[in-house]
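> What follows is a single structure, and I will ask about it in a moment.
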Amino acid sequence: MSLTKNKISYSLAINQALIQLIKSDGSIVLLGQGVKSPWYVGNTSRDLVKRFGEKRVIDTPVSENAVTGIGLGLALAGSRAVVVHPRMDFMLYAMDPIINQAANWNYMYGGGIKVPLVIWGIINRGGEQGAQHSQALYGIFSHIPGLKVVMPSNPYDAKGLMISAVYDNNPVIFIDDRWLYNLEQEVPEEIYRVPIGKAEIKREGKDITIVSASYMLNESLKASDELNKKGIYPEVIDLKTIKPLDADLILKSVKKTGRLLIADASWKSFGVSSEISALVSENALSSLKAPVKRLCLYDAPAPASSQLEKAYYLTKDDIIREVKNILK
Amino acid sequence: MKKSDLIKFYKQMLLIRRFEEKTGELILKGEIKTPCHLCIGQEAVAVGVCSALDKQDYVFSNHRGHGHYLAKGGDIKKLMAEIFCKETGCSYGRGGSMHIIAREQGFMGSAPIVAGTVSLALGAALALKIKMEKRVSVSFFGDGATGEGVLYESLNFSALKKLPLIFVCENNLYSTHLPIRECRPDIGIFKIAQPFGIKAFQIDGNDVLKIYETAKKAKKMCLVSKGPVFIECLTYRQSGHVGPNDRIQSENKDIRPKREVEAWKKKDPVKRIRNLIIDKKVLESQKLEKIEKEIEKEVEEAYKFAKSSPICKKEEINKYVFNQE
Ligand SMILES: Cc1ncc(C[n+]2csc(CCOP(=O)(O)OP(=O)(O)O)c2C)c(N)n1
Ligand SMILES: [Mg+2]
């Protein structure tokens, strides 16, 4: 198959996915705050209302709980619904429709029910916004049976995972990061899917496995490139899907390299990094040449002060330092 | 109305106005980075309501909270320092513009989750009721908050328990980019309180005297178990949703009609009280100008204090996660 390429940004890749999806499938509805705003959700929803009208693309009042439930109701009644939360902190008002309702719906009625619902939450942090406008809460959703959680790190995956999420018959939490919105890449112009549940080796290596996703994956790649110059060759894994976790790929890599650093741009305790660490200790302990290391945020709310933000968030330099420590 | 009250209102409103203008300037200069939702145009609500309160009364606020903080007596230097995210700020640089507090003045905190502090104000009112104290609790929120279910839960609970609580809705006709008619089938917000048997007022939110009188009445009712009370103040923000304007990369993204913005500027609440003072010959303009200079000086001093204050220490990043007492 030859695919036409277009170089676009991460946010416009999402926009392109939505345009193509809504155009090609009359059952898709997008709703949430800011879809017709000139500034709210970046340009991910550019021209959508203009192209498809306010029946298919609905800008909503500030009602996260109801709007998420409405998305679920739409899905149960035969639509494919995408609910967008311009900041995932606001999604906390919607914990009931997400966790009690959507996640459990198929199981608690004994199966056979399609729940084609995408709940799209944007991580939007930095810039001295403080505790309530900075959270990366994917760990919470990953804890819940019945939810899938995807976190694309680049434009190609952003488009392909949005398309897969929309066509999945289960509730999918789609999480993107505003820090990635300007990242550009060649992306096929057609509709294509990136499979949910599959991680990818972005750099083959032998000395250590670095596992990360989304924004942090990009920092891991930069770190890996610099380490290469020092003769250190990490194997870098992009999780792409947090849940279901691609355990096979992680274990295979760790068995090869014998070392693991998990770089996760959220809190350390009881989070995604804990899960991966447990996976490896349960299944590949004997291959480890060094203890598993986790590089995560401090277990503290996000501070406002930019000096503290600088200390709080992780960069490639933190990864380089940790890798060197592990290999010492 | 006492003459001294008029002067007091004017001083407080002008202080808020100049503070917000200075903040806007510093945002454009890049000296301030924390997102600031300025309340230029809405000063009368903060001052009118808080003037009817005592220090011991509680106030809970939202993202657009600088005016509420100052009107409730919060320290101006600590506010500017917080906006600079410095260690000397009212939240020790951890909160920024959207998370400010002055507990010693009964200003219990502001938070930017829409409608997120409404039920907290109920809890504080309930505490007052349990302790049988003659005080009230006030919740400030915007028209956008009427989209959130928790507001209706709070109307019900507060009415059921007859809480000493004043709901103050600042209806500035917009919720970010959405005009109110795209958010609500009926734009008369005060009516949402009526089915719960809550006394509700809809008043001119740019008329500080009217707001003050209504808030005073509301407080009185609360103190004789006739609360809660709901006050809708019709007003308008003259600045951007966030920052001095809604220019993004030099493009104007303010979707509000120019004519509407201009019409509301003519109803400017600060000018209005100033004109009243002159018309009623409360003070001659020379004396007013002296007051105005003093206020500018106060704002300038707050700026100097903030700018010269120490930054937060990296080592203390975990310091306030738990209370250590
Ligand atoms: C729960 C939640 N959802 C969305 C937002 C984003 N947001 C910030 S301010 C705002 C509009 C609020 O409008 P209104 O309450 O009328 O206050 P105004 O900004 O007009 O003062 C929104 C939607 C938020 N902060 N919290
Ligand atoms: Mg408003």
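The values are calculated or read from the model by the stated rules, or taken from the named source; none is laboratory data. Predicted model, so just to flag it, every value in this text is computed and none were measured. Here Cβ is always computed from backbone atoms with ideal geometry, including for glycine, and neighbour counts include all displayed protein chains. Areas reflect the complete protein model, heavy atoms only, side chains present, ligands, DNA and RNA absent. Shrake-Rupley method; radii C 1.70, N 1.55, O 1.52, S 1.80 Å.
> Of the residues that make up region B:268-276, is at least one part of a loop (DSSP other than H, G, I, E, B), crowded, with 16+ Cβ neighbours inside 10 Å and within 14 Å of chain A (Cβ to nearest Cβ)?
There is no residue in region B:268-276 that is part of a loop (DSSP other than H, G, I, E, B), crowded, with 16+ Cβ neighbours inside 10 Å and within 14 Å of chain A (Cβ to nearest Cβ).
> When the residues of region A:85-98 are narrowed to those that are among the aliphatic types (A, V, I, L, M) and within 14 Å of chain B (Cβ to nearest Cβ), which ends up most open to solvent (accessible area, probe 1.4 Å)?
Looking at residues that are among the aliphatic types (A, V, I, L, M) and within 14 Å of chain B (Cβ to nearest Cβ), I get A:LEU92.
> Answer with yes or no whether A:ASP59 is open to solvent by less than 40 Å² (accessible area, probe 1.4 Å), within 16 Å of ligand 2 (Cβ to nearest atom) and modelled with pLDDT of 95 or more.
Yes, satisfied.
> Among the residues of region B:194-228, how many are under 22 Å from the mean Cα position of the chain (by Cα), touching a residue at least 60 places away in the same chain (Cβ under 8 Å) and not in a helix (DSSP H, G or I)?
Final tally of qualifying residues: 5.
> Please verify whether region B:288-310 includes one or more residues that are within 14 Å of chain A (Cβ to nearest Cβ), at negative phi and open to solvent by 50 Å² or more (accessible area, probe 1.4 Å).
yes
> Follow-up question, since we're still on this one. For region B:11-59, what are the residues that are among the small types (Gly, Ala, Ser), surrounded by fewer than 22 Cβ atoms within 10 Å (Cβ to Cβ) and assigned to a helix (DSSP H, G or I)?
Residues satisfying the conditions are B:GLY24, B:SER51.
Residue-by-condition table, conditions (1) among the hydroxyl-bearing types (Ser, Thr, Tyr); (2) more than 16 Å from ligand 2 (Cβ to nearest atom); (3) assigned to a loop (DSSP other than H, G, I, E, B); (4) over 25 Å from A:ARG80 (Cβ atoms):
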site: A:ASN100; (1), (2), (3), (4): no, yes, no, no
site: A:ASN104; (1), (2), (3), (4): no, yes, no, no
site: A:TYR107; (1), (2), (3), (4): yes, yes, no, no
site: A:GLY112; (1), (2), (3), (4): no, yes, yes, no
site: A:VAL115; (1), (2), (3), (4): no, yes, yes, no
site: A:TRP120; (1), (2), (3), (4): no, yes, no, no
site: A:GLN132; (1), (2), (3), (4): no, yes, no, yes
site: A:GLN135; (1), (2), (3), (4): no, yes, yes, yes
site: A:GLY139; (1), (2), (3), (4): no, yes, no, yes
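> Taking the conditions exactly as written (of a type in the set (Gly, Ala, Ser) and on the phi > 0 side of the Ramachandran plot), does A:GLY53 satisfy them or not?
Yes.
> In region A:44-60, how many are in contact with a Leu (Cβ under 6 Å, 6 or more places away or on another chain) and in a loop (DSSP other than H, G, I, E, B)?
Going through region A:44-60 one residue at a time, the tally reaches 1.
> Here's something else I'd like to know. Just for region A:99-124: of the residues that are more than 14 Å from ligand 1 (Cβ to nearest atom) and within 26 Å of A:TYR313 (Cβ to Cβ), which one is nearest to the other protein chains (Cβ to nearest Cβ)?
So, considering only residues that are more than 14 Å from ligand 1 (Cβ to nearest atom) and within 26 Å of A:TYR313 (Cβ to Cβ), the one nearest to the other protein chains (Cβ to nearest Cβ) is A:ILE123.
> Please pick out the residue among B:GLN194, B:GLN202 that is more than 16 Å from ligand 2 (Cβ to nearest atom) and open to solvent by 10 Å² or more (accessible area, probe 1.4 Å).
Exactly one residue qualifies, and that residue is B:GLN194.
> What number of residues in region B:216-259 are more than 14 Å from every other protein chain (Cβ to nearest Cβ) and within 14 Å of ligand 1 (Cβ to nearest atom)?
Final tally of qualifying residues: 8.
> Which numbered condition trips up A:ILE262, out of (1) part of a helix (DSSP H, G or I); (2) surrounded by 15 or more Cβ atoms within 10 Å (Cβ to Cβ); (3) touching a residue at least 12 places away in the same chain (Cβ under 8 Å)?
With respect to (1) part of a helix (DSSP H, G or I); (2) surrounded by 15 or more Cβ atoms within 10 Å (Cβ to Cβ); (3) touching a residue at least 12 places away in the same chain (Cβ under 8 Å), A:ILE262 is out only on (1).
> Which of the residues belonging to region B:139-192 are away from ligand 1 (no atom under 16 Å from the Cβ) and either within 14 Å of chain A (Cβ to nearest Cβ) or of a type in the set (S, T, N, Q) (or both)?
Residues satisfying the conditions are B:ASN156, B:SER158, B:PRO185.
> Just to be sure, is A:LYS293 of a type in the set (Lys, Arg), away from chain B (no Cβ under 14 Å) and under 23 Å from A:LYS222 (Cβ atoms)?
yes
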